[in-house]
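The structure appears right after this line, and notes come after that.
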Amino acid sequence: MSSGTSDTTRTGPGPEADGDRTATGAPAPAPETAAPPVNAGQASDAVRPDVPARRRKTGKAEVAEEPKATGPDSAPAPTSGDARTSTAGHDGEKTEDDDRAENGKKTKDGNRTEDDKSAKGGSETEGGKNAQNNGRTEDGKKAEDSGTAKDGKDAPKGAGSDAEPADPWQAFGPAPVTVPGRVRRATRAVGRFLVHEWTLATLGSLVLAVLLTWPTLRYPLYTLPQDFYDPALQAWQIAWSGHILLTDPAQLWQANTFYPESWSFAFSDTLLGYAPAGMIGTGPEAAMLRYNILFVLAHALATLGAYALARQLGAGRIGAAVAGVSYAYAPWLLAQAGHLHVISNGGIPLALAMLARGHGWSLRYGYRPKRRHAGWALAGWLVAAWQLSLGFGIGLPFAYVLAGVVLVATLTWYLRRYWIRPVRHPFGARLLITDVVGGLVFAATGALLSIPYFTVAEQHPNARRSIADIDIYSPPAVGFLTAPAESRIWGGLHEGARAALPWHPEMTLLPGFVLYALALGGLFFSVWRLRHRLLLLAGALVSMVLSMGTRFFGGTFTYVPLVEHLPGWDGIRTPGRLMLWTTLLLGLLAAGTLTAFAMRVREIAAQRVPAWPGPWLRTATLLPLLLVVVEGLNATPHPVVPPQPAAMRNVQGPVLVLPSGQNLDQPVMLWTTTRFQDVVNGGSGFTPVKLAETREATQTFPDPASIDHLRRLGVRTVVVPRGQAAGTPFELAVEMPVDALGIRREEIGDAVVYHL
């Protein structure tokens, strides 16, 4: 029963109706005309009739008390009169007025109430009397059992009519808060880490990489994916970079192969970014194990990188997962299983995701200055530099794309800042410095790595790619619908289409029919804005046109100008690998439509009772991901690598292993990873003139002419493995006597060794 006007606060964090509510949540009664109190001079009854009040004597009058509050933030109970109350909400949270009680209370709109006086524990009554007997002390804690009141007077003690009765509600008070120990805190931290989205995404990418590249890790010491030609070369590259950086870093580019050529490490993409892995272990078996592990990890990084980019741009989890899986396991990439420098593309989307995160930008929400973070931007530049160090085959287009993104972003920023929308959008000096430093690091990495390649191009003019060379590897339009033989789903069905292609390993460019369908749907139903969809589509079409090389109207206005005017572009002989960008952009389109689909499923779920989608709706959100995974299943062969001859573990260089050829020399490079002795053999994207002359001169070895040529070259040992010589003229030549030739012959294991 209230005397006078009751002014209660609004409770709960959410918006309310026009009228205020009481502590119970019920609408407050309409104001009544003030009437004289029934018991003048006594405190009025509690304002909460639904909770039984108790009274205790103060020596002057009986004051109605509320039951003790159970929340730590509860405010004192209101007294009678026009005292303004500050009650707790339904969920025990503080009301808006409670947060302002320390320095003087305010109303909801921030104005100070008329009757507000400085008080900490509760409001004063209109007559100036404090409502002190609410069971709490000044700081909101329960009064001690001593019964001492706030004004210093002792409350009655002991039994009898004047004694305070035991509080029946005290048993329902909150239990004391237990502070967890170090072990429990560590356990909780580990648990939160294990269930974090990025932990699950990383683990999922690793598990999926092992499964979808199987049986790469079945016999990792003896087999290599697809074939043992280019993979053997790349396994040697990783081993050489790790070995030479530990022993003599100044000789990095003067590799032990292609003797006596200089700068031979720059005859092909170097995978220099994997050098730390090359520092672990020695010998061919360690090199193959290292290669197979990196092969699997490269797929995992590609999945995680594309997932991170899609999430940063605003896609949902399912849409981002489809973008990641389609980017790493597109059918056309199965034909590139023997090219680790092409498979190692995860740094591209990961660097873009980090740069977008550092600049507070997303495709869905635009530029948000408060989300800027210079650390992420710097990490993005460093990852981009690392990606460039893996090779210029895909790194050089990435560098030009990144330069274009920076240019467009800078121009767009300037136009919006000063012309289109002249409103200050902060960028920050720290982020600007980070971009300058990061960009310089990226540019310096590219410049330093390009020096050996320009030197090789000057010394070996045949290393440059002509338009005629590019025309050999340029795929026709039908290649975008043709899968390679390594595709388990489409490989057998597309055998006839592959037969019509001049060089099908580089011309089967199918990114996936499921990806095509999802990207097409993304043009009409997506969370991306229409202009963003059109930009993604335009980028995908441009990259497809460039992937055709000279097959798109002769490349006169597309690929040929790039070869003629962009530095380094003439070193790229396979235009079809630009399909990497088509796959990434189609994946982002697909992520947009799947995100919109998942949002629609949640809307439907909200209308159900209970609010949860049924099994079919949940399955529908995962079906596109399952289809993309199935389309990425491989039938890649994993042949056994020819074992290292025992002689290669003992002989000193310079050495020539016969017979010699492009594919035959690549396993020989792998055999040298035990001692790294100089060898004439070598395989790369081009054949040096000296090596071609040596191969021609040694066709009749052993004879005086070939021996004289090798001596003038500086070769002192020739090794002929019997297994490699089988079916060649050297199979009979190793049985010929050599006493009259002035050389010595011996057998070491299954190889014949000639000492010149």
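The table below lists the values:
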quantity: Accessible-area order (highest first, 1.4 angstrom probe) of the listed residues 288, 279; calculated: 279, 288
quantity: Segment 660-756: GluC sites (Glu not before Pro) in DSSP coil with no more than 16 other Cβ atoms inside 10 Å; calculated: 735
quantity: Kirkwood Rh (inverse of mean 1/r, distinct Cα pairs), segment 372-470, angstrom; calculated: 15.9 Å
quantity: Projected-area mean, segment 457-576, by convex hull of Cα positions, square nanometres; calculated: 9.4 nm²
quantity: Hz values of 3J(HN,Hα) by residue in segment 448-465 - Karplus curve (6.51, -1.76, 1.60), Gly and Pro given as x; calculated: 5, 6, 7, 4, x, 6, 5, 5, 4, 5, 6, 6, 10, x, 6, 6, 6, 8
quantity: Computed FRET value (nearest 0.05) for residue 254 with residue 364, which takes r as the C-beta separation and R₀ as 45 Å; calculated: 0.35
quantity: Quarter of the Cα convex hull surface for segment 169-320, i.e. its orientation-mean projected area (nm²); calculated: 16.3 nm²
quantity: Segment 300-455 - Rg over Rh from alpha carbon coordinates, Kirkwood radius; calculated: 1.00
quantity: Protection-proxy order for peptides 184-195, 431-442, each taking the mean of Cβ atoms within 10 Å per residue, highest first; calculated: 431-442, 184-195
quantity: Inter-part distance where segment 533-589 and segment 218-277 are each reduced to a Cα centre, Å; calculated: 29 Å
quantity: Carbon + sulfur, % of accessible area of segment 528-631 - ligands and nucleic acids excluded, 1.4 Å; calculated: 72 percent
quantity: Residue 487 long-range amide H proximity, modeled H, under 5 Å; calculated: 635
quantity: Accessible solvent surface per residue of segment 422-491, calculated while the other protein chains remain in place, 1.4 angstrom probe, Å²; calculated: 54 Å²
quantity: Whole-Å semi-axes of the ellipsoid equivalent to segment 565-712 (Cα gyration tensor, √5λ, descending); calculated: 59, 20, 11
quantity: Segment 512-574: C-alpha pair distances exceeding 19 Å, %; calculated: 46 percent
quantity: Exposure ranking of 458, 197 by accessible area [1.4 Å probe, largest first]; calculated: 458, 197
quantity: Under the Karplus curve 6.51 cos²θ - 1.76 cosθ + 1.60, θ = phi - 60°, whole-Hz ³J(HN,Hα) for segment 696-712, x wherever Gly or Pro sits; calculated: 5, 6, 9, 5, 9, 5, x, 8, x, 5, 5, 5, 5, 4, 5, 5, 5
quantity: Cα pair distances in segment 520-620, grouped into 5 Å bins until the bin that holds the longest one, percent each; calculated: 2, 12, 16, 14, 12, 11, 10, 7, 5, 4, 4, 2, 1, 0
quantity: Relative contact order (%) - segment 601-756, alpha-carbon pairs under 8 angstrom, separation at least six; calculated: 23 percent
quantity: Three-way shape call for segment 405-516 based on the alpha-carbon gyration tensor, with the a/c threshold at 1.5; calculated: oblate
quantity: Percent carbon-and-sulfur accessible area, segment 263-411, ignoring ligands, DNA and RNA, probe 1.4 Å; calculated: 72 percent
quantity: Calculated from backbone phi, Karplus (6.51, -1.76, 1.60) coupling profile of segment 374-386 in Hz, x at Gly/Pro; calculated: 5, x, 5, 4, 5, 4, x, 5, 5, 5, 5, 5, 5
quantity: Residue 739 accessible area, 1.4 Å probe, all protein chains in place, Å² to nearest 10; calculated: 140 Å²
quantity: Compactness of segment 320-395 as Cα Rg over 2.2 N^0.38 Å, two decimals; calculated: 1.27
quantity: Estimated translational D of segment 198-257 in µm²/s (Stokes, Kirkwood radius over Cα pairs; 37 °C; 0.692 mPa s); calculated: 233 µm²/s
quantity: Segment 188-232: mean projected area of Cα convex hull, nm²; calculated: 4.5 nm²
quantity: Heavy-atom accessible area per residue - segment 518-666, 1.4 Å, Å²; calculated: 47 Å²
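The values are calculated or read from the model by the stated rules, or taken from the named source; none is laboratory data. Every value quoted in this text rests on a predicted model; they were computed, and no experiment measured them. FYI the Cβ positions are ideal-geometry reconstructions off the backbone, even for glycines, and counts take in every protein chain you see. Surface accessibility is based on the protein's heavy atoms, side chains included, excluding ligands, DNA and RNA. Shrake-Rupley method; radii C 1.70, N 1.55, O 1.52, S 1.80 Å.
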